[in-house]
1. Please report the spacing between the Cα centers of segment 36-71 and segment 81-129 in Å, no decimals.
2. Ratio of alpha-carbon Rg to the 2.2 N^0.38 Å globular estimate for segment 506-567, to two decimals, please.
3. Take the residue pairs Lys149/Lys235; Lys40/Lys125; Lys149/Lys209; Lys209/Lys247; Lys81/Lys352; Lys81/Lys106 and return only those whose Cα atoms are more than 20 Å apart.
4. Among bridges DSSP assigns within the chain, what percent are antiparallel (round to 5)?
5. Cα convex hull of the chain: how many Å³ per residue?
6. What residues from segment 494-533 fall in the zone where the backbone N is under 15 Å from a label point 7 Å along the Cα-to-C-beta line of Asp488?
7. Cross-link candidates for Lys171: which aspartates and glutamates have Cα within less than 14 Å, leaving aside residues fewer than 8 places away along the same chain?
8. Heavy-atom accessible area of Arg520 with all protein chains present, probe 1.4 Å, nearest 10 Å²?
Amino acid sequence: MAMKTYTLFFILLLANVAFANHYQFIVKETSIERLCKSKKILTVNGKFPGPTIYANKGSTLIVHVYNKSKYNITIHWHGVKQPRNPWSDGPVYITQCPIQPGSQFKQTIILSDEEGTIWWHAHNKWARATVHGAIIVYPNPGHSYPFPKPHAEIPIILGEWWKDSVVEVLKEFVGSGGQPQTSDAFLINGQPGDYYPCSKHGTFKLEIKSGKTYLLRILNAAMHEILFFAIRNHKLTIVGTDGSYTKPLTRDFIAISPGQTFDCLLKANQNPNNFYYMAARAYTNGTNVQFNNSTTTAIIKYQENNYNFNNSPISLPYLPSYYDTPSTVNFSVSLRSLASKIRPISVPTKVKTRLVSTVSINLLPCPKNNTRSCQGPNGTRLSASMNNISFLTPPRYNILEAYYYNRVKGVFGADFPDFPPYVFNYTDDVLPLELELPKFGTQVKVLEYNTTVELVLQGTNLVTGLDHPMHLHGYNFYVVGWGLGNFDEKYDPKNYNLVDPPRRNNVAVPKNGWVAIRFRADNPGVWTMHCHIERHLTWGMQTVFIVKNGHKPEEHILPPPHYMPPC
């Protein structure tokens, strides 16, 4: 198979853009060959990555999902706030029961103020490893970007690949009680790149033209790893993240967590007779944490270049070391929202509801006579929690229907604590072993409609300190504060950025550090917050917010669709 060449001539004419508002997603198994081995994977419409959705700001889309696979499936529209419409949000047993094999579900996707790059992915078990794709939200016709119009736009989807079936990898992981098998490759637009076996023929290749500017719409669909991404000899100017615009920030590389997106401008201003690698590799910092230390690549070729790339040396760009925490934190804290007269922000300056939640890795004692399932540290099972509660997903009902129809009893409790139940030196090098044992429960936090919320997410050093990219469904939030160590409620708020904080839906809590976010609870419904590192979510690093209806009918949850997938 010859190497694919992606020469993009798509020039956006904002005044004349019109997109379809109906999509058909057929979930099925497709045979794909990577790393010298063929296997069947779940795909949408036979594509990997899946199809890109194009829309204008504020539009409503209908996606008809047909499950023609042998597995349950749900689809989440990551970064779409879905005002008053949690029914189509997608997390399994939170807002819906799974779409069973042979069934279908019509999902209504309501866009509001999102603009830029967001994405969609499966939201049950580990199906999102291959079931994912980009959503590109353009300005309304007649409106423009807050930066010069690019010559072309290119989705760059970063992912992970296992030679073995992801279903079997998950099964082995859950059964072992330890860490999951690391992936065998990272991917750029579904291809591993030149540094992996049997992969050069498929390496993603992008042709650009000297003097032009390109908009790279980068998303991290990887299951477990925060990634560094860079392009040899080219700088990236970040102009948007998570479906919101930012002040331009020019860097040699970006650090992108699972679930995050970045819109980056690339100027074609280098020697056109050379070839250039774009590359990505992992960032990690946990003690005794397994990770994939390989590098994925794609090739940038200038249209003016007539040389044969197969005979030309290509060098990797500079990427920070795997353990470079300062680089990841410094990059993230440099982001700022536009906060202009034309594009104002609405960060809450007065807070009515203050919450603090620890995000921790935990340990469970080994069940008697079942040592095979205890491959965690010292013969234990690994777990994870928020405020020491490891979330249990309801096995037969979804929380949204239980709440909407007032069937709360036995499905969930409303006792998620506002503050950590145990106060200790969260980031100390040595912590008591009894703190590592979490409680289990399906506990939610109920918020009054329109209340202003501050949530501090505090990382801990229980078992090991790690970064945790936390994603909130149904909302964007403002990241008003960051820090390493323990949050100081008296001192740290004095240094909050309430002028131009970045607007995100996914923020990485740094290793043994904290972040403070603010939002207004004006979207009634049932919305989950969870770590977007899949093994942490599987272990229970999740909670649910129920935002109550307001006083007016237009402030209530929309009625459910005529058909909802049964459990």
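1. When both Cα centres are located, 12 Å separates them.
2. 1.50
3. Check vs 20 Å cut-off fails for Lys209/Lys247; Lys81/Lys352.
4. Counting only bridges with both partners in the chain, antiparallel ones make up about 75 percent.
5. Hull volume normalised by residue count: 150 Å³.
6. 494-496, 514
7. Glu534
8. Accessible area, nearest 10 Å²: 100 Å².
The values are calculated or read from the model by the stated rules, or taken from the named source; none is laboratory data. Worth saying up front: this structure is predicted, and the values here are computed from it rather than measured. Heads up, the Cβs are rebuilt from the backbone with ideal geometry, glycines too, and the neighbour counts pull from every protein chain shown. Protein only, heavy atoms only, side chains kept; ligands, DNA and RNA dropped before computing areas. Shrake-Rupley method; radii C 1.70, N 1.55, O 1.52, S 1.80 Å.
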